[in-house]
């Protein structure tokens, strides 16, 4: 039962974090094959799964897990919800960092525009002084 829980959590985490542009075209891994193999040997294959294949594998593993543990769906949805919350919080942190980058870029741009306007006005005054002195 503990192995099934760890396997479901690993599949969920990998399916959420796996890239969607996998280039390998291998035969899809079935749930029984996945559960019979060691996690370390299956992890590279999981990373290369497309979203559609990962969804199919997760649903197959859920079906297999239901046979040995009827509450597997509740556990799956709890893990799914918690990983979604974690991903949202991580994305919010990234967006806050990006916001600071935009604020800094805006401040630098405003400073540059202010400097250019200051230098322009100074040069116009100097030119006017030169024209008056002629």
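Just a few scattered comments:
- Condition met for residue 72 (touching a residue at least 12 places away in the same chain (Cβ under 8 Å) and surrounded by fewer than 17 Cβ atoms within 10 Å (Cβ to Cβ)): no
- Among the candidates 49, 78, 82, residue that is without any contact (Cβ under 8 Å) to a residue 60 or more places away in the chain, in contact with a helix residue (DSSP H, G or I) (Cβ under 9 Å, 6 or more places away or on another chain) and either assigned to a helix (DSSP H, G or I) or closer than 13 Å to residue 11 by Cα (or both): 49
- Of all residues in the range 85-94, none satisfies being assigned to a helix (DSSP H, G or I), out of contact with any helix residue (DSSP H, G or I) (no Cβ under 6 Å at 6 or more places or on another chain), surrounded by 11 or more Cβ atoms within 10 Å (Cβ to Cβ) and at pLDDT below 90.
- So residue 58, is it out of contact with any strand residue (DSSP E or B) (no Cβ under 9 Å at 6 or more places or on another chain), part of a helix (DSSP H, G or I), at pLDDT below 85 and within 15 Å of residue 11 (Cβ to Cβ): no
- Taken residue by residue, the range 42-51 has at least one member that is within 19 Å of the chain's Cα centre (by Cα), within 17 Å of residue 3 (Cα to Cα) and surrounded by fewer than 17 Cβ atoms within 10 Å (Cβ to Cβ).
- Residue check for residue 131: on the phi < 0 side of the Ramachandran plot, surrounded by 10 or more Cβ atoms within 10 Å (Cβ to Cβ) and without any contact (Cβ under 8 Å) to a residue 40 or more places away in the chain: no
The values are calculated or read from the model by the stated rules, or taken from the named source; none is laboratory data. Remember, predicted model here, so these are calculated numbers, not experimental data. Every residue, glycine as well, gets a Cβ built from its backbone with ideal geometry; the counts of neighbours run over all protein chains shown.
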